[in-house]
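Every read-out reported here was derived from the displayed coordinates using simple, explicitly stated rules and does not represent laboratory data. These figures come from a predicted structure and were not determined experimentally. Here the Cβ positions follow ideal geometry from the backbone for every residue, glycine too, while neighbour counts run over all protein chains shown.
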Ligand SMILES: Cc1cc2nc3c(=O)[nH]c(=O)nc-3n(C[C@H](O)[C@H](O)[C@H](O)COP(=O)(O)OP(=O)(O)OC[C@H]3O[C@@H](n4cnc5c(N)ncnc54)[C@H](O)[C@@H]3O)c2cc1C
Ligand code: SF4
């Protein structure tokens, strides 16, 4: 691990000022991803700007019936917050499907959005990796790519975004509030994370001198017909091979409005509006869910070790849609241990 300077930000403006003054610095929140990357020599910030004392830890209702989540709200507090547990249970389920209780206690909302890929070669500093070192090549394309992407890949990178929480935020169409030297702006969730294209070193459209201040949820949380289904190698403490978040608005057996997103399959949470639109106005049944899955996966491309993900994703989409249409009972994950 390299030597680095440490500074604390006093307020949001100070945090932005400090990062703008030194582009080699990095914000640190829970530290659960950044410190690992520093220990592995993947990230080498000359300076850490500690943002943990900033007043960004509230979960509050907005005037239009939505909820604003401060960037420093820990993942555990968010999942168990009454507003989230009752009105956005899909989001609570997704958060609780991630990491471990200890990690969720430390991990922040903003840090979860910004966590980096788990591609093996990104962590292995002796192998080429375009994300870690632009222009050096991609070791995963012809290497061990079992956990890599099947959708939206490019010739330069086939990494996935590993977050569970972000898959639910994509379905909810959250907004990301950010502050930078030019003032504040709002990024729709669909535009926050990027596909790798020819610049895989950039995971998001957040500028290097911007701070996430909050994530805003709209009023509609799909609290009756939802699911978050995560398929992984172990039942806990493992990243998704494939995950699916679903929110349905039902009228009896008929789907009035459908949204769903996939995790573990692309460089960003993956939504397909054509597949969603094909479900609207239809009576819920496995055949239309199969059709929707086929649409989502029409351009999926497997590599030597991850082609199984295409069939896994198809089955996971169908099962998740069936569960959501039935009205998902509260999962084990959402039950607090007495
Ligand atoms: C063993 C292990 C298992 C895990 N399993 C899962 C899992 O199954 N599912 C899952 O979703 N996640 C999982 N995680 C990842 C975990 O959720 C993330 O590490 C965590 O959410 C990151 O939050 P943090 O506050 O600790 O971020 P930090 O490590 O502090 O920061 C991460 C990055 O975000 C940037 N950052 C932080 N806050 C802001 C902000 N407000 N504005 C701009 N930039 C910011 C930092 O500069 C840094 O680049 C796992 C992690 C570990 C170590
Ligand atoms: S898939 Fe992306 S992160 Fe993995 S080795 Fe290739 S360039 Fe690096």
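Please report, to two decimal places, log10 I(q)/I(0) for segment 5-52 at q = 0.24 Å⁻¹ as given by the Debye formula with identical point scatterers on the Cα atoms and no solvent.
Values, matching the q order: -0.84.
Per-residue ellipticity at 222 nm for the chain, helices alone: DSSP H runs ≥ 4 residues times -39500 (n - 2.57), over residue total, nearest 500 deg cm²/dmol? Can you show the working numbers first?
Values: 13 runs with 99 residues, N = 338.
Roughly -7500 deg cm²/dmol at 222 nm, from the helical runs in the chain.
Roughly what would the spin-label model give for residue 46 and residue 125, points 7 Å off Cα along C-beta, in nm?
Distance between the two pseudo-spin positions: 1.7 nm.
Calculate the spin-label point distance for residue 207 paired with residue 285, positioning each point 7 Å from the Cα along the beta-carbon direction, and give it in nanometres.
About 5.3 nm, to one decimal.
If I histogram all Cα-Cα distances within segment 226-326 using bins 5 Å wide from 0, what percent of pairs lands in each bin?
2, 14, 25, 26, 16, 10, 5, 1, 0
Based on the inverse mean of 1/r over its pairs of different Cα atoms, what is the Kirkwood hydrodynamic radius of segment 135-234, in Å?
About 15.8 Å, per the Kirkwood formula over Cα pairs.
How big is D, in µm² s⁻¹, for the chain by Stokes-Einstein at 25 °C and 0.890 mPa s if Rh is the Kirkwood radius over C-alpha pairs?
Roughly 120 µm²/s, to the nearest whole number.
Once you place label points 7 Å from the Cα toward the Cβ at residue 184 and residue 36, how far apart are they in nm?
3.2 nm
For segment 1-160, what number results from the quotient of the Cα radius of gyration and 2.2 N^0.38 Å? Present the calculation step by step, with values, prior to reporting the outcome.
Details: Rg = 17.9 Å, N = 160, 2.2 N^0.38 = 15.1 Å.
Taking N as the residue count of segment 1-160, the ratio is 1.18.
Anyone know which of 165, 250, 90 comes out most mobile in the 10 Å Cα GNM of the chain?
Result: 250 has the largest fluctuation of those listed.
How far is the Cα center of segment 251-294 from the Cα center of segment 97-122, in Å?
Value for the Cα centre distance between the two parts: 27 Å.
What order, most packed first, do the peptides 237-244, 5-12, 193-200 have when packing is the mean number of other Cβ atoms within 10 Å of each residue? The partial results should precede the final answer.
Numbers: 237-244: 21.9, 5-12: 13.5, 193-200: 18.0.
Top of the packing list down: 237-244, 193-200, 5-12.
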